[in-house]
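Here's the structure, in structure tokens; my notes come after.
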Amino acid sequence: MAKRDYYEVLGVNKDATDDDLKKAYRRLAMKWHPDRNPDNPKAEEQFKEAKEAYEVLCEPQKRAAYDQFGHAGVNPQAGPGAGGAGFGDIFSDIFSDIFGGNRGGRSTVFRGADLRYNLELTLEQAAHGFETKIRIPALAACETCKGSGAKPGTQPATCPACRGAGQVRVSQGPFSIAQTCPRCHGSGSIIPTPCATCSGTGRIKLQKTLAVKIPAGVDEGDRVRLSGEGEPGVNGGPSGDLYVQVHVKPHPVFQRDHDDLHCEMPVSITTAALGGDVTIPTLDGSAKIRVPAETQSGKTFRLKGKGIKGVRSHEPGELFCHVVVETPVSLTERQRQLLREFESISSQDSARHNPRAKGWFDKVKTFFEG
């Protein structure tokens, strides 16, 4: 399948500025990141396509080559192009960009992997924000070998396969392709006598405690990034990031819908018929609602500003209280007698006292009579 135009992938014009490119890429990365689309198998492809387009267009030389030659200017398999550079030079440059570069005998540098930590919150904690501490498994430089991976008193040796370059060249027909050295895995060195503590890796596993500040208004699926708290890099590379993924526990009273809250409000049959005050809970304390006489089930009362102020919101949402008229249970004989008396009186003018029931039965009668 032919590749789409990189500008089309990012949704920008060909005269887009660096800021335009960055904004477009961030928007697509947030939309298609696999962690945010676990049930969408196409999301990863979309994410990789956007990443590839941005990596080319954000670099002036690559962008110039792409503007002049299209995909051929940045594709190592497309042959000549990209300002007259040969196939080997083009491939080597791209390889160097991806793997950190190790021309001139330098070891390959790798950024550490990002980590994710799942944190469960109550609705109150999510609404008001809070600070907590988490313990996570981590990798740290081995104290015994000071991160070298070699037994104390010994040193890493230059890899004999790549002579310290971290890359070896493999011939494929008339071309020479650079690949990561299979012996040293790109580091440019080997460990003849590994450290007994870390088995030559230069890193050990441990548990570390981190303080996390959860901002007020977070919602299910939001993430808090702790920069540099992921796995450490290799050969001096930067550490990855730790993403604290928010999961909000179900609440016994409220259901959240973005910044709004919803709850059921049980009302006795007498209060619904005669009217009265009902005390309801909110996240900031209690509040009173005046229930007018003849209130029916399903009526909704709205309390402005009693919802949640989201992380990106300017004003808090609203609290919606949905009336549920409660039928009395466990009746005494006296209560049953009074209800029968009430029913007898009401049935004498049911159209007046029960207009919804009267209208419903009229519709049913019409339905069956055709």
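The values are calculated or read from the model by the stated rules, or taken from the named source; none is laboratory data. None of the values given here were measured: they were computed from a predicted structure. For neighbour counting, all protein chains shown are included, and Cβ atoms are generated from backbone atoms with ideal geometry for every residue, glycine included. We work out accessible area using only protein heavy atoms, side chains counted, and drop any ligands, DNA or RNA first. Shrake-Rupley method; radii C 1.70, N 1.55, O 1.52, S 1.80 Å.
Does segment 161-174 contain any residue that is under 20 Å from G237 (Cβ atoms) and out of contact with any strand residue (DSSP E or B) (no Cβ under 8 Å at 6 or more places or on another chain)? Yes; the residues of segment 161-174 include at least one that is under 20 Å from G237 (Cβ atoms) and out of contact with any strand residue (DSSP E or B) (no Cβ under 8 Å at 6 or more places or on another chain). Residues that are under 30 Å from V311 (Cα atoms), out of contact with any Pro (no Cβ under 8 Å at 6 or more places or on another chain) and modelled with pLDDT of 85 or more do not occur anywhere in segment 144-163. Being small (G, A, S), assigned to a strand (DSSP E or B), more than 30 Å from F130 (Cβ to Cβ) and open to solvent by 50 Å² or more (accessible area, probe 1.4 Å) is the requirement here; does S171 meet it? For S171, the condition - small (G, A, S), assigned to a strand (DSSP E or B), more than 30 Å from F130 (Cβ to Cβ) and open to solvent by 50 Å² or more (accessible area, probe 1.4 Å) - is met.
I'm checking my understanding of the structure. Among residues of segment 130-161 that are charged (D, E, K, R) and not in a strand (DSSP E or B), which one is surrounded by the most Cβ atoms within 10 Å (Cβ to Cβ)?
The selected residue is K151.
Would you be able to say whether some residue in segment 283-294 is out of contact with any strand residue (DSSP E or B) (no Cβ under 9 Å at 6 or more places or on another chain), outside any strand (DSSP E or B), loosely packed, with under 13 Cβ neighbours inside 10 Å and hydrophobic (A, V, I, L, M, F, W, C)? Looking through segment 283-294, none of the residues is out of contact with any strand residue (DSSP E or B) (no Cβ under 9 Å at 6 or more places or on another chain), outside any strand (DSSP E or B), loosely packed, with under 13 Cβ neighbours inside 10 Å and hydrophobic (A, V, I, L, M, F, W, C). The residues listed here are V218, V212; of these, the one that is in contact with a helix residue (DSSP H, G or I) (Cβ under 6 Å, 6 or more places away or on another chain), open to solvent by less than 50 Å² (accessible area, probe 1.4 Å) and modelled with pLDDT of 90 or more is V218. Here I280 meets the list (1) under 30 Å from R36 (Cβ atoms); (2) open to solvent by less than 20 Å² (accessible area, probe 1.4 Å) almost entirely, failing just condition (1).
Restricting the first member to segment 12-29 and to residues that are surrounded by fewer than 14 Cβ atoms within 10 Å (Cβ to Cβ), and the second to residues that are modelled with pLDDT of 85 or more and part of a helix (DSSP H, G or I), the beta-carbon pairs closer than 7 Å and six or more apart or on different chains are N13/Y7; K14/Y7. Against the list (1) within 20 Å of L121 (Cα to Cα); (2) out of contact with any Asp or Glu (no Cβ under 8 Å at 6 or more places or on another chain), the condition E326 fails is (1).
Please tell me if K365 is at pLDDT below 90 and either open to solvent by 90 Å² or more (accessible area, probe 1.4 Å) or of a type outside the set (K, R) (or both). The answer is yes for K365. Just one residue in the set S350, S344 is surrounded by 13 or more Cβ atoms within 10 Å (Cβ to Cβ), over 48 Å from the mean Cα position of the chain (by Cα), at pLDDT below 90 and of a type in the set (S, T, Y); that residue is S350. Scanning segment 110-129 for residues that are in a strand (DSSP E or B) and open to solvent by 70 Å² or more (accessible area, probe 1.4 Å) returns R116, N118, E120. Note on segment 262-277: residues that are among the small types (G, A, S) and either within 17 Å of R302 (Cβ to Cβ) or assigned to a strand (DSSP E or B) (or both) total 2.
One residue stands out among those in segment 34-44 that are assigned to a loop (DSSP other than H, G, I, E, B) and open to solvent by 50 Å² or more (accessible area, probe 1.4 Å): the one that is nearest to D114 (Cα to Cα), which is P38. From the list F91, F47, the one residue that fits, being part of a helix (DSSP H, G or I), in contact with a Pro (Cβ under 8 Å, 6 or more places away or on another chain) and at pLDDT 80 or above, is F47. Among residues of segment 223-252 that are more than 18 Å from F130 (Cα to Cα) and open to solvent by 20 Å² or more (accessible area, probe 1.4 Å), those with a beta-carbon under 7 Å from a residue that is among the charged types (D, E, K, R) and assigned to a strand (DSSP E or B) at least six positions away or on a different chain give the pairs P232/R203. The residue of segment 307-341 that is nearest to P215 (Cα to Cα), among those that are touching a residue at least 12 places away in the same chain (Cβ under 8 Å) and outside any loop (DSSP other than H, G, I, E, B), is L319. Restricting G285, G276 to residues that are small (G, A, S) and at pLDDT 90 or above narrows the list to G276.
Scanning segment 313-341 for residues that are out of contact with any Gly (no Cβ under 6 Å at 6 or more places or on another chain), over 19 Å from Q296 (Cα atoms) and surrounded by 13 or more Cβ atoms within 10 Å (Cβ to Cβ) yields one hit, S313.
Exactly one residue out of S171, S189 is more than 22 Å from C145 (Cα to Cα) and either of a type outside the set (D, E) or in contact (Cβ under 8 Å) with a residue 40 or more places away in the chain (or both): that is S171.
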